[in-house]
Amino acid sequence: MPKAKKRRLTLALFVAYVPLALAYLAFSGQLAASDWRTASREPAGLAPDPATTPEAVVQVYSARAVSWRGWFGVHTWIAIKPSNATEFTVHEVMGWRLKRSGTALVARNRAADGYWYGNRPELLSDIRGPGVDAIIQRIEAAVEEYPYPDRYHVWPGPNSNTFTAFVLRKVPELRVDLPPTAIGKDYLGIMPVALTPSGTGGQVSVLGIAGVAAGWEEGVELNLLGLTFGLDPRSLSIKLPLLGRIGPSESEPVILD
């Protein structure tokens, strides 16, 4: 097949894919119809009760973003609870906080698994046990090292997913494969080469706009204009823009000895 015809076919398939993916999201229940002012922030039942869980816990979550952004991507965050703590501390980046406080970084006590303005969260990682306190200390150190607290751009980054990916690269024990809909996870600033967020591979990215990644957790990913296409042979999953991962993913608690 001639190259020009292949390009036209590829473009036609993508143009047909977008409305089908949006239609699926509209009826999938992933996006809340509630106004953000009154949308649920209640726990989703994915986190342990910190009042009755003495062991240290780290969890990583994603949920569809608020308003129109949710059609294209997710918001991610990291929740930590040291041993014997009675509540979770959630670390995340929120763009609207930048104008109010001069930093987009937010650390607050809230439900680790709270709905994100009506959108149900997905648990990406859950580790517990006696070795987790040391990991929590490294997470907190990585939060302090985040290089873009005074910058926020929905696309291509830095944004909430850039922050989560930065921390994950610093703490590869979490081994998190961020969703393909985590737009901004591949934003590396002026450094074009880095570990993948899971720490199990490497990636090359030009300002989060174009790049490739390969890792044990991620499989193989291609990033075009912030949109991720990928294949994860280990879990027999494919990764697509808008829809995200199609196939199984692991989110069972990992108990550290």
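Points worth noting:
- Any hit, the range 102-110, residues being surrounded by fewer than 16 Cβ atoms within 10 Å (Cβ to Cβ), more than 20 Å from E173 (Cβ to Cβ) and at pLDDT below 95: yes
- Per the conditions (1) among the polar types (S, T, N, Q); (2) under 16 Å from T89 (Cβ atoms); (3) surrounded by fewer than 21 Cβ atoms within 10 Å (Cβ to Cβ), the sole criterion not satisfied by T164 is (3).
- Applying the criterion of being more than 30 Å from L20 (Cβ to Cβ) and touching an Asp or Glu at 6+ places or on another chain (Cβ under 6 Å) to the residues of the range 74-97, the residue that is surrounded by the most Cβ atoms within 10 Å (Cβ to Cβ) is P82.
- Residue among V66, V90 that alone is at pLDDT below 95, assigned by TED's automatic domain parsing to the domain that holds Y146 and among the aliphatic types (A, V, I, L, M): V66
- Candidates N223, N109, filtered to the one that is of a type in the set (S, T, N, Q), closer than 14 Å to W77 by Cα, out of contact with any Lys or Arg (no Cβ under 8 Å at 6 or more places or on another chain) and in the same structural domain as Q59 (by TED's automatic domain parsing): N109
- Among (1) surrounded by fewer than 22 Cβ atoms within 10 Å (Cβ to Cβ); (2) under 20 Å from R151 (Cα atoms); (3) modelled with pLDDT of 95 or more - the single one V220 does not satisfy: (2)
- Looking only at the range 139-163, residues that are assigned to a helix (DSSP H, G or I) and over 14 Å from the mean Cα position of the chain (by Cα) come to 7 in all.
- Filter result (under 15 Å from T103 (Cβ atoms), touching a Phe, Trp or Tyr at 6+ places or on another chain (Cβ under 9 Å) and of a type in the set (D, E, K, R)) within the range 113-168: E145
- Candidates S101, S62 - the one that is touching a Ser or Thr at 6+ places or on another chain (Cβ under 9 Å) and polar (S, T, N, Q): S62
- Scanning the range 44-73 for residues that are of a type in the set (D, E, K, R) and surrounded by fewer than 24 Cβ atoms within 10 Å (Cβ to Cβ), we see that the one that is farthest from the chain's Cα centre (by Cα) is E55.
- Every condition in (1) assigned to a helix (DSSP H, G or I); (2) in contact (Cβ under 8 Å) with a residue 12 or more places away in the chain; (3) within 22 Å of T228 (Cα to Cα) holds for A23 except the one numbered (2).
- The range 183-206, subset assigned to a loop (DSSP other than H, G, I, E, B) and small (G, A, S), residue farthest from the chain's Cα centre (by Cα): G189
The values are calculated or read from the model by the stated rules, or taken from the named source; none is laboratory data. Predicted model, so just to flag it, every value in this text is computed and none were measured. Here Cβ is always computed from backbone atoms with ideal geometry, including for glycine, and neighbour counts include all displayed protein chains.
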